[in-house]
Amino acid sequence: MSTRAASTIERDTKETQISLTFSIDGTGQSSIRTGVAFFDHMLDLFTVHGFFDLSLTVKGDLEVDAHHTVEDTGICLGQAFKQCLGDAKGIHRYASVILPMDEALCQMALDISNRPVCVFNYDFPKAKLGDFDLELVQEFFQAFCTHAGISLHVSILAGSNLHHISEACFKALGVCLDQATLVDPRKKDRVPSTKGLL
């Protein structure tokens with residue numbers, strides 16, 4: 001299988017300046033500096049478990065809070081993912097996983113459909129881990145799915161430790177996207193849709 005080209009996204013607004021390079025066909029290498037340590041950790045987990053490569057630097061208005069940094073990173077990563085995928089010929093398209101992280105258990109299913117929707121069957125509490133507002137987990141996923149063209153369903157089946165629950169979500173996203181973007185030799189150059197187009 002030929003390696004799909006990496007994608008580079010630059011975003012410069014009054015709230016964030018982002019430089020991101022992403023590769024679907026990577027080795028799990030990352031260089032991530034968003035200014036939000038917990039978010040860096042989550043993105044590193046996503047990269048490693050998805051076998052992606054991700055280089056990311058963000059300068060955001062953290063004096064306000066991390067909202068714009070997290071949301072805009074999701075936007076840029078979604079755009080890069082969609083660019084890397086191209087016409088999506090030959091991919092599996094669908095994937096699901098039930099992923100444990102100690103006492104936490106995350107169920108995730110996704111469809112690379114070009115019909116974005118993000119359904120979270122879990123309400124993150126209004127709490128912080130370090131400087132990270134936990135409600136931003138869902139904000140990141142929403143932004144990513146919207147710009148990547150992904151239909152995503154997430155359910156937390158068990159868990160009490162909020163770090164573990166968050167970690168399970170980001171790991172599961174990496175694992176699912178890795179599975180869904182693998183090229184199936186039976187499909188060869190076919191777009192995985194009866195329409196002939198995603």
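The values are calculated or read from the model by the stated rules, or taken from the named source; none is laboratory data. Note that this is a predicted model, so its numbers are computed, not measured. Positions of Cβ are backbone-derived with ideal geometry, glycine not excepted, and every protein chain shown enters the neighbour counts. Just the protein is used for accessible areas: all its heavy atoms, side chains included, with ligands, DNA and RNA removed. Shrake-Rupley method; radii C 1.70, N 1.55, O 1.52, S 1.80 Å.
Numbers at a glance
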| read-out | value |
| --- | --- |
| Estimated [θ] at 222 nm from DSSP helical runs (n ≥ 4, -39500 (n - 2.57)) normalised by residues in the chain, nearest 500 | -11000 deg cm²/dmol |
| Overall form of the chain per C-alpha gyration tensor (a/c, 1.5; a/b vs b/c) | oblate |
| The chain, accessible surface, carbon-and-sulfur percent (1.4 angstrom probe) | 51 percent |
| Antiparallel content of DSSP bridges confined to the chain, in %, to 5 | 80 percent |
| Net charge over other residues, Cβ less than 15 angstrom from the Cβ of H164 (K, R count +1; D, E count -1) | -2 |
| Debye intensity ratio in log₁₀ form over the Cα atoms of region 100-161, taken at each q of 0.29, 0.30 Å⁻¹ | -1.18, -1.20 |
| Whole-Hz couplings from phi, Karplus 6.51/-1.76/1.60, listed for region 73-80; x for Gly and Pro | 5, x, 4, 5, 5, x, 4, 5 |
| Isolated Cys in the chain, by beta carbon distance under 4.7 Å | C76, C84, C106, C169, C176 |
| Cα-centre dipole for the chain with unit charges at Cβ (Lys and Arg positive, Asp and Glu negative), debye to 20 | 1080 debye |
| Alpha-carbon centroids, region 134-198 and region 106-130: separation in whole Å | 9 Å |
| Chain lengthening between F120 and R4 when straightened (0.36 nm per residue, less Cα-Cα) | 38.7 nm |
| Cα gyration tensor, region 39-122 - rounded (a/c under 1.5), prolate or oblate | oblate |
| Among G90, C145, L20 - extreme Cα towards positive end, dipole of the chain, charges at beta-carbon | G90 |
| Ratio Rg/Rh [Cα only; Rh per Kirkwood] for region 143-198 | 1.09 |
| Residue-normalised accessible area of region 87-129, given per residue in Å² at a 1.4 Å probe | 53 Å² |
| Segment S96-E63, extension gain: residue separation times 0.36 nm, minus the distance between their alpha carbons | 8.1 nm |
